[in-house]
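First up is the structure itself, then whatever we jot down about it.
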Amino acid sequence: MDIKPTPRRRLTVVSIKLLVAVVLAIVVITAVQTWLTLREAQQRGEDQSQTRLDASLQDFNNEIGLLQRGMSGMAASFADRPDIKTALIQEDREALLTILQPIFLQYRAAFQMSHFFVYDSRGRVFLQVDDPENYGSSSAERPLIAAVMNVGVPIGGIAVDATHVGVRGAAPLIEQGELVGIVEIDLAYDHLLVDDLKTRNDLDYTIWITSDIAEPVGLQALDEDLEAPIPELVYYASTHPNLLPISDSIYRDVLKTAESQVIFERDDGKSYAVMVAPFTDYRSETLGLVEIVEDRTESLDALTEDRLTTLAVSGGLLLLGIGFILLFHNRVISRPLADLTEVAERISHGDLEARVTVLPNDEFGRLGHTVNTMTMQLSDLVNNLEERVNARTHDLQLASQVIEEVATVLDPDDLLRLVVDLTKDRFNLYHAHIYLLDETRENLVLAAGSGEAGRVMLDHGHHIPCSTQNSLVMRAVRTNAAVVVDDVSTAPDFMPNPLLPLTRSEVAQPLSIGTRVLGVLDVQSEHEAHFTEDMQMVLATLTRQVATALDNARLFSEIERVGRHEQALSTITHEIQSASNMEEVLQIAARELGRALNVPHTAIELQMSDPPPDDHSPESDAQTDSDSAAVDRETVHD
């Protein structure tokens, strides 16, 4: 068949489309690669910010922990002083004030110490060095004092009162193994701490206290002009001048879960990485939140500059690539493409006889050969498709007929015989039989077989031990999967049967419900490779339905048997109730048991003996011996 040359106009359109597709592909690939590179750089920057914020939070917590340990140690040093113990034991408040007031003033000037308490053994204030007139009130219920009284060791913690948030340390005063009092000191920290951390880490810090902690003690916000982001928080200290536009849900989630979160925000033309983390005391109770802010503006500006450079380089490479593609396309692609286009259009319109005739010795030539091969295969597929569809539909109809005919059979033996006969006849097979696992699951016992060969094997009680290795049906049982052999002469585990000498191909399909294997449907053909994939699928569907039907039939038989036994028991019980003597009871029991068990003869044997006599006279002994001989055994037959 002659192929008309493609008009030049159509070749130009195709060439333009191909060029556009290739250029678009290069543009997309370049854009995606550029985006991935930039996204990777952005992600790397965010990961670095995350790492830096995590380290800063750890530094903050370490600083708080260091302060707590320092305060507990300082309290312990005061508690160990003999002069303080002596003054407390002697209840000499003036002597104690004389000792501690100079120390308090010195530490207040140097370290912002705000409070210095000495308690008696019951937790009552014996002396408040910074307010000597305050004494006698009980602090035993305060968590820190109660903890020291319970455990008897120094403890450091965070304290919140009306004027500040501070670190407190408390230590017991022990004299001869007895608790005589407690020393507690309080160090205020607010801007000094966050200012020091900002200087060291070049980050901004904000401390929020929860309203539940602040309101009971009367703590007020240090900067009333700075509104808290949510009502649950009160501002305490910050190195950042503005409140960042962070979602309220972030603060609430951190308060609820006590887990830190990192977010990235923009405000007033600047970019920030912000960590919001719980602020806890020594008991891990959340007192508020700490907000750590990193200004990422400079790093993002540098990243933007890198992006522009990357885009410029990518654009230059893209233009060079497009120029090379234009040159390559004009010299190598345009001419062969015209011939391939004509054939492809004919094929697309259903002309499966069209073939590429121009086959140069290059990729287009190989493409032409491929198109020709594909066209021939497509033609064969179209020609054979209807035949395959009809064959599969026929097999499915046969399987459906078999399933419909056996669906109403409730006797397991009748069901199996019907399945093998219908399967052999409807699918035009050489032989079909079914094995079932016995109760011990140690043997596959032939339950039904088609034709004379099946009858003979059934008469001989044919079975296969489960330990047998060279058996196709046993392999199906062990794997719970179909075993297909196209040529039995090549199968090492095929067991030849002298009753079936013409077997050439075989399928052993397990009868199973889920993972529970009931047996195997084994079908054989006198033709090699007779069982196609379509037929294997049909057989798999058939065996699943047969397994379900068999299981239902077994269940029905068991229910019927139990019903017969219960009916027989009811009949025997009813009949026995109307009996007038033991002999009649035994006769009824023997008769009804025989009927229930369907046996020709039933016998009941009783071993009986008299009770011992009341006296041991010779007459009674003789009478007992005589009676025993007469009624030693009584047998009732039916």
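The values are calculated or read from the model by the stated rules, or taken from the named source; none is laboratory data. Please read all numbers here as calculations on a predicted model, not as lab measurements. Here the Cβ positions follow ideal geometry from the backbone for every residue, glycine too, while neighbour counts run over all protein chains shown. Remember, those area values only see protein heavy atoms, side chains included, never the ligands or the DNA or RNA. Shrake-Rupley method; radii C 1.70, N 1.55, O 1.52, S 1.80 Å.
Accessible area per residue for segment 16-138 is 57 Å², calculated with a 1.4 Å probe on protein heavy atoms, without ligands, DNA or RNA. Surface analysis of segment 273-326 yields an accessible area of 51 Å² per residue, using protein heavy atoms and a 1.4 Å probe.
Expressed as a whole percent, the accessible surface of segment 103-217 that belongs to carbon and sulfur atoms is 49, based on a 1.4 Å probe. Counted residue by residue at 0.36 nm each, then reduced by the alpha carbon distance between them, the extension gain from L36 to E232 reaches 66.4 nm. Computed from phi, the 3J(HN,Hα) profile of segment 509-526 under the Karplus parametrisation 6.51, -1.76, 1.60 (θ = phi - 60°) reads 10, x, 8, 9, 10, x, 9, 8, 8, 8, x, 9, 9, 10, 10, 9, 10, 7 Hz, with x in place of Gly and Pro.
In order along segment 450-461, the phi-based Karplus estimate (6.51 cos²θ - 1.76 cosθ + 1.60, θ = phi - 60°) of 3J(HN,Hα) comes to 8, x, 5, 4, x, 5, 5, 5, 5, 4, 8, x Hz; Gly and Pro are listed as x. Note on segment 150-220: Cα-only Rg and Dmax are 16.2, 51 Å. Applied to segment 415-421, the Karplus parametrisation 6.51 cos²θ - 1.76 cosθ + 1.60 on θ = phi - 60° returns per-residue 3J(HN,Hα) values of 4, 5, 4, 5, 4, 5, 5 Hz, with x for Gly and Pro.
Within the set of other residues whose C-beta is less than 15 Å from the C-beta of L105, count the net charge using Lys and Arg as +1 and Asp and Glu as -1. Before the final figure, lay out the partial values.
Numbers: positive: R108; negative: D130, D131, D186.
Around L105, the charge tally is -2.
Per residue, the accessible area of segment 389-542 comes to 49 Å² when a 1.4 Å probe rolls over the protein heavy atoms.
Tell me which GluC sites (Glu not before Pro) from segment 130-226 have a DSSP coil assignment and no more than 12 other beta carbons within 10 Å of their own. Show your work: numbers first, answer last.
Numbers: sites: E133, E141, E175, E178, E184, E224; in loops: E133, E141, E224.
Passing both the DSSP loop test and the Cβ count: E133, E141, E224.
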